[in-house]
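Laboratory data are not the source of any read-out in this text; all were calculated from the coordinates shown. Remember, it's a predicted structure, so these values are computed and weren't measured experimentally. For neighbour counting, all protein chains shown are included, and Cβ atoms are generated from backbone atoms with ideal geometry for every residue, glycine included.
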Amino acid sequence: MTEKKKLKVATTSLAGCFGCHMSFLDIDERLFTLLEHIEFDRSPLTDIKTCSPDCDIGIIEGGLCNAENVHVLREFRKNCKILIAMGACAINGGLPAQRNHLPLTTILEEVYHTSPGLANGMIPNDPELPLPLNQVHPIHEVVKIDYFMPGCPPSGRRNLEGADRSVGRQGARTRAWPDAL
Amino acid sequence: MSYTFTLDGKVIPFADGQTIIQAASAAGVFIPHLCYHPEFKPHGSCKLCTVRVNGRHTASCTMRASAGMVVESETEEINAERRALTQMLFVEGNHFCPSCEQSGNCQLQATAYHLGMMSPHYDHFFPNRPVDASHPEVLLEFNRCILCSLCVRASRDVDGKNVFALSGRGIKTHLIVNAKSGAAGRYGLRAG
Ligand code: SF4
Ligand code: FES
């Protein structure tokens, strides 16, 4: 039997809470079956730090709250054939976007200076820290997104079904995903 | 005397003076809508209830039924337009369902589900709309307001009080309270 080429899947959590990734892991032992059909590339699950240039599917959790998020999102778009927005934060900014009506300086002042219990606080300014954006943005405002999987978080089952439906449309090769269910 | 028209091929009876949406709902056929409420005069502003009547787009909540009309509602084209309108409503306001008390009992949310809205599609406005919490019993949550004018009609036509009105034009349209300070707490508004 000739072995089918595995789909390369990359995932990342931008301005999200990792709840979507946890929910993805809720597919439990079906992950083993899935792994016969896919391999993880860049992902918090593998700790690989950059995308291979030939990823089939990129799954993005979370919106954009800082400059690094934008950088990572662009890297995913460049290297993944299909990009999926997973969960409310990626789709509409979600919880982090609830800061959007407040000026960034007001938020930083309150968090690091004026909250009760803070003595001589300072706003972190290490050059290694990515700069926060003035507002949190959904990812489709920056790159083209092929499929959306709503929910906060989408359930494990939905994760599979959603990915299944989205990749299923791309042709027979990607049928591996539904088969894995 | 009874008349009929067809809605997506189904024969719908109607009485004199009934609008398309009234006759459809009496016959158990659902047409998506947001600013229409059976107990108030139609406003015809959200356009979610748009149907095609004899080939022309029109709001089914304001259009009177007439005998022999051919009405189309559940077509892919019309539902795509309804979905686009719903997406615009979502991005123009701040509709954060997970923290909203109305979640699960919200016509805007239900409409988005009904139309299979998977994403906002457009860029979010994230407008700054402070809530009006000046009244002891009523909280005005402007972030969720879609300008359906149901509160305006309820207050004006049923309570005879004229507490609310829509002011401004286009994207600047907003809800105002009939009080000098503009805040609900200054108006003798009573809940219940
Ligand atoms: S959608 Fe919900 S679970 Fe997913 S990252 Fe956002 S807050 Fe967390
Ligand atoms: S329900 Fe008819 S225009 Fe809003």
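Could you size up the charge dipole of region B:129-192 around its Cα centre, putting +1 on the beta carbon of Lys and Arg and -1 on that of Asp and Glu, and report it in debye to the nearest 20? List each step's numbers first, then the result.
On the way: 10 positive and 5 negative charges, 48 e Å.
The dipole magnitude comes to about 240 debye.
Which of the cysteines in chain A are isolated, no other cysteine C-beta under 4.7 Å?
When partners are defined as cysteine Cβ atoms under 4.7 Å apart, chain A leaves A:C17, A:C20, A:C51, A:C65, A:C89, A:C152 without one.
As a test of the formula, what do you get for chain B when each DSSP H run with n ≥ 4 contributes -39,500 (n - 2.57) and the sum is divided by the residue count, at 222 nm and rounded to the nearest 500 deg cm²/dmol?
On the way: 4 runs with 36 residues, N = 192.
Helices in chain B give a 222 nm mean residue ellipticity of -5500 deg cm²/dmol.
Which of the three applies to region A:14-62, rounded, prolate or oblate, going by the alpha-carbon gyration tensor with a ≥ b ≥ c and a/c under 1.5 meaning rounded?
On the way: a/c = 2.03, a/b = 1.03, b/c = 1.97.
Here region A:14-62 falls in the oblate category.
May I ask for the net charge around B:L34, where only other residues with Cβ less than 12 Å from the Cβ of B:L34 are counted and Lys, Arg are +1 while Asp, Glu are -1? Spell out each step's value before the answer.
On the way: positive: B:K47, B:R82; negative: none.
Value of the local net charge: +2.
To the nearest 20 debye, what is the magnitude of the charge dipole of region B:86-157 about its Cα centre, counting +1 on the Cβ of each Lys and Arg and -1 on the Cβ of each Asp and Glu?
Working: 4 positive and 7 negative charges, 27 e Å.
In total the dipole reaches around 120 debye.
How large is Rg over Rh for the protein assembly as shown, taking Rg from the Cα atoms and Rh as the Kirkwood inverse mean of 1/r across Cα pairs? Before the final figure, lay out each step's value.
Values: Rg = 25.0 Å, Rh = 23.9 Å.
Ratio of gyration radius to Kirkwood radius: 1.04.
Where does the longest stretch of chain A lie that holds no trypsin sites (Lys or Arg not before Pro) found in a DSSP loop with 13 or fewer other Cβ atoms within 10 Å? Intermediate results must be reported in sequence, preceding the final value.
Values: sites that count: A:K4, A:K5, A:K49, A:K144, A:R169.
No qualifying site falls inside A:50-143, the longest such stretch.
Give me the angle, in degrees from 0 to 90, between the Cα long axis of helix A:67-79 and the longest principal axis of the Cα atoms of chain A, rounded to the nearest 10.
20
Give me the orientation-averaged projected area of the Cα convex hull of region B:3-74, in nm², one decimal.
Values: hull surface 16.6 nm².
Reported value for the Cα convex hull: 4.1 nm².
Given +1 on the Cβ of Lys and Arg, -1 on the Cβ of Asp and Glu, and no further charges, what dipole in debye does the protein assembly as shown carry about its Cα centre, rounded to the nearest 20?
Numbers: 37 positive and 38 negative charges, 236 e Å.
So the dipole magnitude of the protein assembly as shown works out to roughly 1140 debye.
Go through A:K49/A:K81; A:K6/A:K144; B:K41/B:K172; A:K49/A:K78 and tell me which ones have a Cα-Cα distance over 20 Å in this structure. Please list the in-between numbers first.
Details: A:K49/A:K81 18 Å; A:K6/A:K144 24 Å; B:K41/B:K172 24 Å; A:K49/A:K78 15 Å.
Beyond 20 Å: A:K6/A:K144; B:K41/B:K172.
For region B:33-192, what are the per-bin percents of Cα-Cα distances with bins 10 Å wide, up to the bin holding the maximum?
9, 33, 36, 17, 4, 0
With the dipole of region B:40-179 worked out from charges on the C-beta (+1 for Lys and Arg, -1 for Asp and Glu) around the Cα centre, which of B:S73, B:V152, B:A110 lies farthest toward the positive end?
Of the candidates, B:V152 comes out farthest on the positive side.
Going through region B:1-106, which GluC sites (Glu not before Pro) have at most 15 other Cβ atoms within 10 Å and a DSSP loop state? Please list the in-between numbers first.
Details: sites: B:E39, B:E72, B:E74, B:E76, B:E77, B:E81, B:E92, B:E101; in loops: B:E39, B:E74, B:E101.
Qualifying residues, ordered by number: B:E39, B:E74, B:E101.
Could you compute how fast region B:104-192 diffuses translationally, taking Rh as the Kirkwood radius over C-alpha pairs and applying Stokes-Einstein at 37 °C with viscosity 0.692 mPa s? Give it in µm² per second.
Numbers: Rh = 14.9 Å.
Calculated translational D: 220 µm²/s.
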